[in-house]
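First up is the structure itself, then whatever we jot down about it.
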Amino acid sequence: MEKKTVSVVMCTYNGERFLREQMDSILAQTYPIHEIIISDDCSTDGTMDILREYAAKHTFIKIHQNARNKGCNQNFHDTFKFVSKETDYIAISDQDDIWFPEKVEKLVQSIEKKKGYDLCFSDIISSPTCSHQQTKDYLPLPFTAESLFFLENIAGHAMLIKRTFIENLKPWDGMTFYYDWWLAMNAALTDSIIKCEEPLSWHRVHPASVITTVGKKLSKYKPHSPIAPYVYGTYNFFKLRNTESFKCFYNNIHEQTSSTRHPVLHKITELFYSRNPLNLLQLCFTCMKHRKQIYPLPHKDKGLIFMIRGFFSPFICTYYNIQFYNTVTEQDL
């Protein structure tokens, strides 16, 4: 059987500190890489010099540099378009992780084992330092559409995706939600997502990472108290549901679901934009009833506490979910 072609897509921004380690781990893969496409988002350090050095040694490395800073999400959105039509699968890479040598090979094997899957992802080791002993501490997360509904829990750098799947997605240009959440949710809605039950990369946790930087910046605009997720989250739910990114994400879910296909999500998204207070109560009761399916993170809480969190889950998740905050805060930064 002819080998499937795999292209690696990486987006960089001031990543000189860890970039060489990541590049070396990609080049050391046991599975042949068709091309590595890298889009730099106007780095001001030595990132471009490092990339040119690697491209001079390996002709299948292709470098693009943006004329203006686009941000992580838009940069990935645009870079996917550079992938050649000969590519079967796209493997997404951050600039500061390390891939284990058999990562791509095992992801290809997993997604090819059964037909009908568009996205495969693996477990990861996420920590400041890399140690295989940490795998025993890894807490597997569910990857159904219901569990992805309020919060992303699958990282792009763990994914292998069919190129045609990305090309056929509903347009999401200019949206602020994270690109990997969009990819995972769309695959989950069509039940075309599969997991490789093995950590295949080390996700490096450090102060300059995108998640850490954005989280710190946005935390200044949110009050911190035990009741804040309930009170401030409720306020933000009504504010954010009118943004284009929020509507794009959740309207897409409503369009792809029905009373028989992911009925819980269909009912919830139907209630999202209602101005009727009774429908808002129905939304909360629906979330409470199906809290074990849709609450984004596993919790040890049982009984009444978990019921209360389930009831307020649309607002709690809006408070913690930074996916849509840029549409509100960028004007104030």
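In this simple spin-label approximation, THR30 and GLN109 carry label points 7 Å from Cα along the Cα→Cβ vector, and these lie 0.6 nm apart.
Heavy-atom accessible area, probed at 1.4 angstrom with all protein chains present, ranks GLU112, GLU244, GLU102 as GLU244, GLU102, GLU112, highest first. Decide, for region 65-110, between rounded, prolate and oblate: order the square roots of the alpha carbon gyration tensor eigenvalues as a ≥ b ≥ c, take rounded if a/c falls under 1.5, and otherwise choose prolate if a/b is larger than b/c, else oblate. Oblate is the answer for region 65-110, as a/c is 1.5 or above yet b/c matches or exceeds a/b. With a cut-off of 18 Å on the backbone N, the residues of region 80-124 near the modelled label site 7 Å out from THR5 along Cα-Cβ are 80-92, 105, 108.
With a simple spin-label model that places each label point 7 Å from the Cα along the Cα-to-Cβ direction, the separation between LYS170 and PHE238 comes to 2.6 nm. Computing FRET efficiency as 1/(1 + (r/R0)^6) for PHE60 and SER127, where r is the C-beta to C-beta distance and R0 is 45 Å, gives about 0.90. Cα centroids of region 97-121 and region 1-76: 19 Å apart. Placing R0 at 51 angstrom, the Cβ-Cβ distance between GLU16 and MET307 gives a FRET efficiency of 0.55 after rounding to 0.05.
Per residue, the solvent-accessible area of region 1-133 (1.4 Å probe, heavy atoms of protein chains only, all protein chains present) comes to 47 Å². Taking all protein chains as shown and a probe of 1.4 angstrom, ASP49 keeps an accessible surface of around 100 Å². Rolling a 1.4 Å probe over the protein heavy atoms leaves HIS266 with an accessible area of roughly 40 Å².
Each of THR79, THR44 has its accessible area taken with a 1.4 Å probe; listed largest first, they run THR44, THR79.
Accessible surface for MET48 stands near 20 Å², nearest 10, in the context of the full protein assembly shown (1.4 Å probe).
The values are calculated or read from the model by the stated rules, or taken from the named source; none is laboratory data. Source: prediction; values computed, not measured. Note that we place each Cβ from the backbone using ideal geometry, even for glycine, and neighbour counts take in every protein chain shown. Keep in mind that these areas ignore ligands, DNA and RNA; they rest on the heavy atoms of the full protein, side chains included. Shrake-Rupley method; radii C 1.70, N 1.55, O 1.52, S 1.80 Å.
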